[in-house]
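To start, the structure under review is shown below, and the notes come after it.
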Ligand code: GTR
């Protein structure tokens, strides 16, 4: 057990009571109906930008894709491309490399879009990355190494896409999660130029820290038709106010580069946050959303992730679609496949073939 883990609450009895901010009550105290939701949605996005992830810069950035190679994919019936996308911003230039596998089927296909932890060269043979299964189900896969966008270290910022823009120091300046989410949107921009890609079926996914980034990308960018959060935990799907497992203070201490400076104000003061993570999930509404936990991954707070999905559901229902169909934590390995889907898998912190089967099933079911 690490020092941080020994400081964390692992006892459900110690969670105590807490009051969540209501996504359906505006900052003016008025209830939000379906007509008022778009304005409330913008308000919640601003609250997350100002208090949690930092502001995503809006300055124009030029993006120039270059196809480095196109060849038969290692997976039968598909083509693999490596595409370098270079960016020119007001304060610099950088690039990222997309690894894209698309089935050779006729007609535009859904594409799963996600960042990887170790580099595109490690995707093949990684059980966490089942490109062959995706191809087999008629889906494409697009991935970028997260370090192309923000090297995952405390001093990674000068080598990140943040360096394209000015203002590196403001309290609401973005961190690694903001930069990773920005990169996911730039992958979407590129995919949307390809006739083989179904523009209405881009699915953003991520595991753990990259799940936090995937959710923030889906919240900001409605080009993503569905979002998948696998064990995204603190700063992802799980409720901060529960103080179970990793907390705001612990995450800011170990990973000060992930969030904005402003988020540090809430170390040990989660109840003062004007948002909680159910509101991030609510920003995905009415699009399908998969939230997944693992029973031994107590650090991510499985119950907190489940409750995030429960408390996001009223927004789905307001918008006339089904949220999460259950209100009690389902038994282990018994997935719930409503429009907001949830499962808790046996085992520990990981993304497994079992998790992927649930995500692909949910995509089939809700995106067709
Ligand atoms: C842990 C971190 C979590 C989670 C995880 C991961 O060390 O505390 O928030 O993101 O890493 O990314 O695997």
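Any read-out appearing in this document is the output of simple, stated calculations on the displayed coordinates, not a laboratory observation. Because the structure is a prediction, the values reported are computed rather than measured. Because the Cβ atoms are built from the backbone with ideal geometry, glycine has one as well, and the counts that use them run over all protein chains shown.
I'm checking my understanding of the structure. Among residues of the stretch 271-302 that are in contact with a strand residue (DSSP E or B) (Cβ under 9 Å, 6 or more places away or on another chain) and more than 17 Å from residue 350 (Cα to Cα), which one is surrounded by the fewest Cβ atoms within 10 Å (Cβ to Cβ)?
287
If residue 259 passes every condition in (1) within 27 Å of residue 329 (Cβ to Cβ); (2) buried (at least 24 other Cβ atoms within 10 Å of the Cβ) but one, which one does it miss?
With respect to (1) within 27 Å of residue 329 (Cβ to Cβ); (2) buried (at least 24 other Cβ atoms within 10 Å of the Cβ), residue 259 is out only on (1).
Test residue 305 against the stated conditions and say whether it is free of Cβ contacts under 8 Å to residues at least 12 places away in the same chain and in a helix (DSSP H, G or I). Spell out the reasoning first.
Details: free of Cβ contacts under 8 Å to residues at least 12 places away in the same chain: no; in a helix (DSSP H, G or I): yes.
The answer is no for residue 305.
Of 233, 206, 211, which residue is buried (at least 24 other Cβ atoms within 10 Å of the Cβ), over 10 Å from the mean Cα position of the chain (by Cα), over 25 Å from residue 60 (Cβ atoms) and within 16 Å of the ligand (Cβ to nearest atom)? Quick ask: steps written out before the conclusion?
Values: 206 fails: over 10 Å from the mean Cα position of the chain (by Cα); 211 fails: over 10 Å from the mean Cα position of the chain (by Cα).
Result of the check over 233, 206, 211: 233.
So, of the residues in the stretch 214-230 that are farther than 20 Å from residue 360 by Cα and assigned to a helix (DSSP H, G or I), which turns out to be farthest from the ligand (Cβ to nearest atom)?
Among them, the one singled out is 220.
Among the residues of the stretch 130-158, write down those that are surrounded by fewer than 21 Cβ atoms within 10 Å (Cβ to Cβ) and in contact with a strand residue (DSSP E or B) (Cβ under 7 Å, 6 or more places away or on another chain). Lay out the reasoning, then the answer.
Step one: of the stretch 130-158, the residues surrounded by fewer than 21 Cβ atoms within 10 Å (Cβ to Cβ) are 132-133, 136-138, 147, 151-158.
Correct list: 138 only.
Of everything in the stretch 251-294, what is assigned to a loop (DSSP other than H, G, I, E, B), free of Cβ contacts under 8 Å to residues at least 60 places away in the same chain and more than 15 Å from the ligand (Cβ to nearest atom)? Give them in sequence order.
Matches in the stretch 251-294: 268, 269, 285, 286.
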